[in-house]
Amino acid sequence: MPDRRDALRLIGLGAAGIAGRAAAQDIDLGFAGGRRALADNWPQKGAMIVLRERAPLLETPMDVLGEDVFTPNDRFFVRWHYDDIPLSVDPAAFRLRVGGAVRRPLALSLDALRRLPRVELAAVNQCSGNSRGFFTPRVPGAQWGDGAIGNAMWTGVRLRDVLDMAGVAPGAVAVRLAGLDRPPPGAPWFEKSLAIDHARDGEVMIAFAMNGAALSLLNGFPIRLVVPGWYSTYWIKSLDRIEVLTAPDTGYWMAKAYRIPATPGANVVPGAKDFPTVPIGAMVPRAFITPLPDGAKLVADQPFAVRGLAMGGAHGVARVDLSMDAGRTWHAARLGPDQGRYGFRRWSATIAGLRAGGYRLWARCTNTAGETQAMDAIWNPGGYMRNPAPSIAIRTA
Ligand SMILES: Nc1nc2c(c(=O)[nH]1)N[C@H]1C(S)=C(S)[C@@H](COP(=O)(O)O)O[C@H]1N2
Ligand SMILES: [Mo]
């Protein structure tokens with residue numbers, strides 16, 4: 001648990017320290033306006049890329065992401081919408097309330113939750129707007145690079161088991177979830193809903209640990225929702241309220257925000273405005289080439305190793321392919337161990353020696369449902385679901 005001093009840093013005292021430290025450790029995310037400070041004075045966090053201090057937006061550096069299939073908790077990205085986030089939580093006093101269309105409203109202690117059957121699952125947590133900074137033309141919203149993503153082994157209990165304890169009443173259509181963070185006066189609570197069948201699918205989880213340790217405050221201590229395969233806007237942190245609804249959620253965060261064009265791949269012509277929308281949902285496949293940096297300098301005529309991570313979205317990773325000719329021909333990469341369909345999977349390949357010169361290397365992931373990454377990026381005004389085949393420049397000399 002962060003102490004009081006750590007908590008104070010969260011509410012703004014950190015600013016001076018961050019500014020003082022930043023100059024030597026700037027990072028360039030690779031788009032105009034993408035210079036950011038790296039700061040290591042956030043509670044329970046190592047060096048993070050700071051997009052915003054209040055409410056915190058902290059991004060994972062890509063070389064850190066590439067080091068392991070599981071993202072270290074102290075480098076895991078952070079995203080909150082409202083300034084008023086929980087700075088300390090008393091685990092003994094904490095209660096998860098379950099109400100709405102249920103037979104027995106509940107106020108569950110953490111101990112009561114822990115008595116339910118335990119489940120464990122690897123899953124990628126990715127912000128809907130990950131990589132938004134690369135949108136062309138640019139769109140408003142958090143200007144993330146590619147690091148608003150991480151993979152963890154989540155431990156917790158099934159949302160279904162909690163709902164069954166309360167007894168879902170007939171006529172239930174959705175389950176609404178909210179946490180301890182508070183909106184400013186007049187603004188709507190950050191609440192998200194899942195269809196009742198989704199909420200009861202046995203995979204949606206209330207997690208109390210990631211990678212074997214308690215959640216950090218910034219990542220949702222003491223419990224958070226995990227919605228495997230779905231964008232993390234639904235992964236409510238510091239979850240303390242569950243409400244079963246008998247009519248669809250018409251709240252701001254479902255009906256107005258986090259909506260995507262109802263078109264294939266959420267893609268519209270840049271600048272388009274009047275199109276039907278649906279709430280964002282399942283993630284799409286992505287590959288990342290890391291830790292090899294963009295513009296890597298390699299020795300000519302010598303084979304070299306490339307590796308990275310891939311995710312399949314709502315389906316497992318079927319394959320990762322590499323191209324050195326702008327997508328005309330693709331060659332299969334080796335896949336590392338399968339840790340479950342919702343997690344990252346390692347890929348690697350050896351590339352034969354290249355004559356001295358400049359090259360570009362592309363990667364793409366295809367999932368077990370046959371969805372793959374296109375060479376060209378999509379566009380939508382929310383800056384959501386970006387997943388073109390990534391590429392890096394390589395120089396050999
Ligand atoms: N209570 C609460 N939960 C929340 C949010 C929030 O603002 N409040 N933001 C959501 C969004 S949009 C994202 S991307 C993820 C980020 O999870 P992380 O900070 O653990 O990486 O939290 C989700 N859960
Ligand atoms: Mo997000």
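The values are calculated or read from the model by the stated rules, or taken from the named source; none is laboratory data. If you're wondering where the values come from, they're calculated on a predicted model, not measured in any experiment. Cβ sites come from the backbone with ideal geometry, for glycine too, and all protein chains shown count toward neighbours. These accessible areas exclude ligands, DNA and RNA; they are computed on the full protein's heavy atoms, side chains included. Shrake-Rupley method; radii C 1.70, N 1.55, O 1.52, S 1.80 Å.
With +1 on each Lys and Arg Cβ and -1 on each Asp and Glu Cβ, how big is the dipole of the range 178-336 about its Cα centre, in debye rounded to the nearest 20?
Details: 15 positive and 13 negative charges, 43 e Å.
That gives a dipole near 200 debye.
With a 1.4 Å probe and every protein chain left in place, work out the accessible area per residue of the range 286-396 in Å², rounded to a whole number.
Accessible surface, normalised per residue, equals 45 Å².
Do me a favour and compute the ellipsoid semi-axes for the range 286-396 from its Cα gyration tensor, root of five times each eigenvalue, largest one first, whole Å.
Here the semi-axes work out to 25, 17, 11 Å.
What are the lysines whose alpha-carbon lies under 25 Å from the alpha-carbon of residue 256, with same-chain residues fewer than 8 places away excluded?
Result set, ordered by chain and number: 192, 237, 273.
Can you send over the solvent-accessible area of residue 386, 1.4 Å probe, protein chains only, in Å² to the nearest 10?
That residue has around 40 Å² of solvent-accessible surface.
Would you mind working out the accessible area per residue for the range 182-279, using a 1.4 Å probe, and quoting it in Å²?
41
List, largest first, the extents of the alpha carbons of the range 90-243 along their principal axes, each in whole Å.
50, 36, 30
How large is the dipole of the chain about the Cα centre if only Lys and Arg carry +1 and Asp and Glu carry -1, each at its Cβ, rounded to the nearest 20 debye?
So the dipole magnitude of the chain works out to roughly 140 debye.
Compute the distance in nm between two label points, each set 7 Å from the Cα along the Cα-to-Cβ direction, one at residue 164 and one at residue 110.
2.5
Just the number, please: Stokes-Einstein D of the range 23-79 in µm²/s, Kirkwood Rh from C-alpha pairs, 25 °C, 0.890 mPa s.
This corresponds to a translational diffusion coefficient of 210 µm²/s.
Step through the residues of the range 304-318 one at a time and calculate ³J(HN,Hα) from phi using the Karplus curve (6.51 cos²θ - 1.76 cosθ + 1.60, θ = phi - 60°), rounding each to whole Hz and writing x for Gly and Pro.
Coupling constants for the range 304-318: 9, 9, 10, 8, x, 10, 9, 9, x, x, 7, 10, x, 6, 8 Hz.
Name the residues whose placed amide hydrogens come within less than 5 Å of the amide hydrogen of residue 314, ignoring near sequence neighbours (fewer than 5 apart) on the same chain.
283
Taking the alpha-carbon set of the chain, what are its Rg and Dmax in Å?
Calculated on Cα positions, Rg and Dmax stand at 21.4, 72 Å.
At 1.4 Å probe size, with the rest of the protein present, what percent of the exposed accessible area of the range 60-201 is carbon and sulfur atoms?
51
So what are the range 287-329's ellipsoid semi-axes, whole angstrom, largest first, if each one is the square root of 5 times an eigenvalue of the alpha-carbon gyration tensor? Could you put the intermediate results ahead of the total?
Numbers: eigenvalues 113, 36, 17 Å².
Listed largest to smallest, the semi-axes of the range 287-329 are 24, 13, 9 Å.
With θ set to phi - 60°, apply the Karplus curve 6.51 cos²θ - 1.76 cosθ + 1.60 along the range 329-334 and write out the HN-Hα couplings as whole Hz, x wherever there is a Gly or Pro.
Whole-Hz 3J(HN,Hα) from phi for the range 329-334: 10, 10, 10, 5, 8, 7.
Using bins 5 angstrom wide from zero, how does P(r) for the range 145-184 break down, in % of all Cα pairs?
Calculated over all Cα pairs of the range 145-184, the distribution is 5, 12, 15, 15, 18, 18, 10, 4, 2 percent.
HN-Hα J couplings of the range 269-286 from phi, Karplus 6.51/-1.76/1.60, θ = phi - 60°, integer Hz, Gly and Pro as x?
Each residue of the range 269-286 in turn: 5, x, x, 4, 10, 8, 9, x, 10, 9, x, 4, x, 5, 7, 10, x, 8 Hz.
What length, rounded to one decimal in nm, is gained on full extension from residue 334 through to residue 52, with 0.36 nm per residue of separation minus their alpha-carbon distance?
Working: separation 282, 0.36 × 282 = 101.52 nm, distance 3.77 nm.
This chain segment gains 97.7 nm when fully extended.
Return the whole-Å distance between the Cα centroid of the range 110-139 and the Cα centroid of the range 362-376.
21
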